[in-house]
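Here's the structure, in structure tokens; my notes come after.
The values are calculated or read from the model by the stated rules, or taken from the named source; none is laboratory data. Nothing here was measured: the structure is a model prediction, and the numbers come from that model. FYI the Cβ positions are ideal-geometry reconstructions off the backbone, even for glycines, and counts take in every protein chain you see.
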Amino acid sequence: MTDGTHDPSTPTDAPDETEVVAAGLRAGLDDYELSPEDQALLLGDGEAGWDDAPAGPLPVLAVVGRPNVGKSTLVNRVLGRREAVVEDVPGVTRDRVAYEAEWTGRRFTVVDTGGWEQDAKGIHRRVAEQAELAIELSDAVLFVVDAMVGTTDTDEAIVKVLRRSGKPVVLAANKVDDLRGEAEAAALWSLGLGEPYVVSGLHGRGSGDLLDVVLSVLPETSQVGGAVEEGGPRRVALLGRPNVGKSSLLNKAVGSERVVVDDVPGTTRDPVDELVELAGRTWRFVDTAGIRRRVHQTRGADFYASLRTQTALEKAEVAVVLIDASVPITEQDVRVVQQVVDAGRALVLAYNKWDLIDDERRQLLEREIELDLAHVRWAPRVNLSARTGRHLDRLVPALDVALDSWDRRVPTGRLNAFLGELVAATPHPVRSGKQPRILFATQAATRPPRFVIFASGFLEAGYRRFIERRLRETFGFEGSPISLGVRVREKRSKR
Ligand code: GDP
Ligand code: GDP
């Protein structure tokens with residue numbers, strides 16, 4: 001079967017019958033109240049009318065500057081509440097680093113970074129690294145300078161990093177509490193970052209204008225994932241909590257076969273990705289720069305890890321989530337897996353460090369998987385060792401299976417024939433004398449597969465899960481999340 005499905009009950013040479021039945025069901029829908037979106041969905045095979053498609057991620061604003069210039073105070077202004085204030089040692093990482101903000105009806109994420117001293121040592125050094133990372137993962141930067149102090153060497157050093165990042169920068173000349181400070185603020189033109197916007201975080205002076213400027217440089221949705229061209233090598237994200245073996249696996253996979261980006265037609269240069277030759281084909285491993293770059297464990301590191309994962313997922317089609325099989329599965333492992341599912345990407349689970357596993361640990365692992373990862377039982381699994389190279393050759397077949405499922409479309413006729421049989425064998429339970437009827441179904445989208453069922457009444461969650469389970473049993477979808485939407489439509493009133 002060319003479409004990779006495996007329902008033995010439907011002979012491949014007789015698709016017409018199911019299509020005829022589907023057409024009949026489809027015609028029956030005309031007796032129901034259908035919205036224009038419904039019609040579009042039924043007519044097209046595209047994404048038209050799909051109403052719960054996720055909007056893009058919120059744009060990210062990083063707030064950076066030396067310690068004590070008033071970053072937190074300004075962030076509080078932006079948020080309109082006192083939440084960001086943490087009476088810490090100045091410049092030390094905060095408890096929370098990201099906040100959702102809104103200005104003139106637009107929402108965005110504000111990331112408050114710790115202070116940043118040039119050549120900072122110890123904790124300061126780490127805070128500086130986090131600030132650099134925050135810039136890298138942001139769509140725009142609000143650079144805060146203390147206008148009363150003027151520019152320092154540290155400010156100049158930050159400017160260099162900001163230039164290198166190529167991100168839009170808005171310069172805030174803070175602590176201008178009254179007119180006397182205006183002249184000092186004007187001196188900040190010398191930083192070469194354009195107009196210094198005069199504000200007083202403490203009094204709120206100028207903060208509205210500042211936000212207007214910030215919003216004018218922020219994109220509608222976050223671009224840090226980067227727009228990726230269609231086609232070209234398939235895009236893989238290598239994910240997992242720290243120390244599971246991502247860089248080891250990457251190094252093993254890259255081996256001596258590193259591909260020069262220019263050699264592959266239809267690929268743009270993206271310095272954070274790497275092209276890797278596996279099983280004779282080229283794959284794009286996205287955001288490998290993030291894997292190769294080791295970030296120290298600090299407070300807030302969790303947030304960055306998850307933002308990093310999110311960024312990689314936006315670019316990727318399929319994710320390989322590495323799990324260290326030699327130690328118990330952690331909450332963080334489960335969270336990464338959930339991020340993949342929520343992002344609607346194909347998923348392969350790779351249990352790494354298999355060389356360290358004995359029988360006892362293996363049994364424990366199976367139990368942990370049953371407990372924590374049963375909900376992604378559909379993901380292909382590879383037990384490998386990045387160190388010894390064991391089973392690395394199984395990665396590509398697993399990727400292929402997952403991507404096939406992710407791309408798969410079930411013909412409307414087959415889908416309705418399947419549902420017809422399912423409903424006949426196991427009807428929806430009757431509730432208060434009523435029983436919703438399934439009228440018609442169509443696959444509204446692929447990548448990942450999304451189904452829409454038109455029904456005459458509400459379908460209970462249990463019954464929807466049952467349909468989903470049967471969909472998987474019948475059509476596979478190994479390695480891909482799938483979703484099922486139900487649209488309840490009323491019968492047209494007769495005149
Ligand atoms: P951060 O380390 O950059 O986050 O700086 P904070 O927000 O913690 O502020 C450092 C100090 O500067 C605090 O004592 C604030 O009250 C003070 N401060 C912040 N903004 C202003 C301002 O606009 N005017 C004045 N006079 N003081 C401010
Ligand atoms: P990352 O933080 O996910 O990139 O993890 P690394 O690749 O840096 O690996 C963390 C540690 O685990 C390193 O000491 C690796 O040598 C080790 N490691 C990675 N893969 C394996 C493996 O398959 N077997 C064993 N025994 N150790 C591994």
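Only helices (runs of 4 or more DSSP H) whose full extent lies in segment 395-495 are considered here, and the ones with at least 2 residues that are closer than 24 Å to residue 374 by Cα are 395-407, 461-475. Scanning segment 316-343 for residues that are more than 27 Å from residue 387 (Cβ to Cβ) and more than 8 Å from the chain's Cα centre (by Cα) yields a total of 3.
If you scan segment 151-184, which residues turn out to be of a type in the set (Gly, Ala, Ser) and modelled with pLDDT of 90 or more? Explain how you work it out, then say what you get.
Keep residues of segment 151-184 that are of a type in the set (Gly, Ala, Ser), which gives 157, 165-166, 172-173, 181, 183.
Within segment 151-184, 172, 173 meet the criteria.
Would you say residue 171 is away from ligand 2 (no atom under 16 Å from the Cβ), of a type outside the set (D, E, K, R), assigned to a strand (DSSP E or B) and closer than 18 Å to residue 152 by Cα? Yes, satisfied.
State whether the residues of segment 259-268 include one that is in a strand (DSSP E or B) and either crowded, with 21+ Cβ neighbours inside 10 Å or modelled with pLDDT under 65 (or both). So that I can check it myself, show each step before the final result.
From segment 259-268, those in a strand (DSSP E or B) are none; that's our starting set.
No, segment 259-268 has no match at all.
Within segment 430-438, is even one residue over 18 Å from residue 468 (Cβ atoms), away from ligand 1 (no atom under 16 Å from the Cβ), among the aliphatic types (A, V, I, L, M) and not assigned by TED's automatic domain parsing to the domain that holds residue 282? The answer is yes, given that some residue of segment 430-438 is over 18 Å from residue 468 (Cβ atoms), away from ligand 1 (no atom under 16 Å from the Cβ), among the aliphatic types (A, V, I, L, M) and not assigned by TED's automatic domain parsing to the domain that holds residue 282. Any residue that is modelled with pLDDT of 80 or more and on the phi < 0 side of the Ramachandran plot - is there at least one of those in segment 122-138? Within segment 122-138, one or more residues are modelled with pLDDT of 80 or more and on the phi < 0 side of the Ramachandran plot.
Name every residue in segment 135-161 that is in a strand (DSSP E or B) and more than 18 Å from residue 73 (Cβ to Cβ), in order of residue number.
Just the residues of segment 135-161 that are in a strand (DSSP E or B), to begin with: 140-146.
Answer for segment 135-161, where residues must be in a strand (DSSP E or B) and more than 18 Å from residue 73 (Cβ to Cβ): just 140.
Could you tell me whether residue 399 is outside the structural domain of residue 491 (by TED's automatic domain parsing) and within 32 Å of the chain's Cα centre (by Cα)? Criteria met by residue 399. Close contacts from segment 421-434, counting a first residue that is of a type in the set (A, V, I, L, M, F, W, C) and a second that is loosely packed, with under 10 Cβ neighbours inside 10 Å, with Cβ to Cβ under 6 Å and a gap of 6+ residues or different chains, come to none at all.
The residue pairs whose first member lies in segment 466-495 and is touching a residue at least 40 places away in the same chain (Cβ under 8 Å) and in the same structural domain as residue 398 (by TED's automatic domain parsing), whose second member is surrounded by fewer than 15 Cβ atoms within 10 Å (Cβ to Cβ) and part of a helix (DSSP H, G or I), and whose beta carbons are closer than 6 Å, counting only pairs six or more residues apart or on different chains, do not exist in this structure. For segment 45-81, residues that are more than 25 Å from residue 223 (Cβ to Cβ) and at pLDDT 55 or above total 11. Restricting attention to segment 293-307, the residues that are out of contact with any strand residue (DSSP E or B) (no Cβ under 9 Å at 6 or more places or on another chain) and either more than 14 Å from ligand 2 (Cβ to nearest atom) or at pLDDT 80 or above (or both) total 4.
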